[in-house]
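Engineer: Below you will find the structure I want to go over with you.
The values are calculated or read from the model by the stated rules, or taken from the named source; none is laboratory data. Everything quoted here is computed from the prediction, not taken from an experiment. Every residue, glycine as well, gets a Cβ built from its backbone with ideal geometry; the counts of neighbours run over all protein chains shown. Quick note on the areas: whole protein, heavy atoms, side chains included, nothing else; ligands and nucleic acids left out. Shrake-Rupley method; radii C 1.70, N 1.55, O 1.52, S 1.80 Å.
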Amino acid sequence: MTSHRVEPLFSATEISERVVELGRSISRDYPSKEEPLLLVGVLKGATLFLADLIRAIDRPVEFDFVAVSSYGAETKSSGEVRVLKDLEAAVAGKHVIVVEDILDTGLTLRFSYLIENLRARHAASVKLCVLLNKPARRVVPIHIDYCGFIIDDVFVVGYGMDYAESYRNLPYVGVVRFAEQD
Ligand code: PRP
């Protein structure tokens, strides 16, 4: 691993306060408790965010996960994002919220056709919730319905996000600073 350090960006408290706000917005937007709500996390980065978000939602909610291949931007731009693990939950008639830790280029969501696929399975509605939005890097336009924080073009880790599989367990979000950036 290249020599680096991690600088705090959002503390555990800031994250948890924002997640509570997102949970309140979602609870408010789906007031009828009879309407089924399904949160779909994209592995692995979204796991911690999804786990906290569902506990901040004050109405019945189901959750599930999908896994898509992660090859880096070059391969993704050729359209090669494979679905490695599909949903186990039924989708028809449910209000679905796709949950992502970070939206960067948008290529993962675009080329996994996750949102289109959920619509084709007759979800009642499909929305997108991201903890971090990095608009500077966007290659394809993607509409975000719920956003935790907008960030600059920095390499973030922690709270589910990794650098070569490290740092996912940090309770806060940090920025990776490489030695040559000093
Ligand atoms: C991250 C993140 C998104 C994707 C966003 O996943 O969880 O799925 O990248 O980037 P994009 O908008 O440029 O496509 P990653 O591929 O790092 O896998 P992981 O969640 O398993 O860490």
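Engineer: Restricting to region 88-118, and then to whatever is open to solvent by less than 40 Å² (accessible area, probe 1.4 Å) and more than 16 Å from the ligand (Cβ to nearest atom), can you tell me which residue is nearest to the chain's Cα centre (by Cα)?
Structural biologist: Val96
Engineer: Next question, about the same structure. Among the residues that make up region 27-40, is at least one of them out of contact with any helix residue (DSSP H, G or I) (no Cβ under 9 Å at 6 or more places or on another chain), touching a residue at least 24 places away in the same chain (Cβ under 8 Å) and within 16 Å of the ligand (Cβ to nearest atom)?
Structural biologist: So far as region 27-40 goes, no, none of its residues is out of contact with any helix residue (DSSP H, G or I) (no Cβ under 9 Å at 6 or more places or on another chain), touching a residue at least 24 places away in the same chain (Cβ under 8 Å) and within 16 Å of the ligand (Cβ to nearest atom).
Engineer: Picking from Ser70, Ser78, which residue would you name as being open to solvent by 40 Å² or more (accessible area, probe 1.4 Å) and near the ligand (Cβ under 10 Å from one of its atoms)?
Structural biologist: When all the criteria are applied, what remains is Ser70.
Engineer: I would also like to ask the following. Looking only at residues in region 124-144 that are of a type outside the set (A, V, I, L, M) and within 22 Å of Val96 (Cα to Cα), which one is least open to solvent (accessible area, probe 1.4 Å)?
Structural biologist: The selected residue is Cys129.
Engineer: Return yes when Arg121 is surrounded by fewer than 17 Cβ atoms within 10 Å (Cβ to Cβ) and over 21 Å from Leu48 (Cβ atoms) and no when it is not.
Structural biologist: yes
Engineer: Between a residue in region 6-24 that is farther than 14 Å from Gly158 by Cβ and any residue that is in a strand (DSSP E or B) and among the aromatic types (Phe, Trp, Tyr), which pairs come within a Cβ distance under 7 Å, given they are 6 or more apart or on different chains?
Structural biologist: From residues that are farther than 14 Å from Gly158 by Cβ, the pairs are Arg18/Phe149; Leu22/Tyr146.
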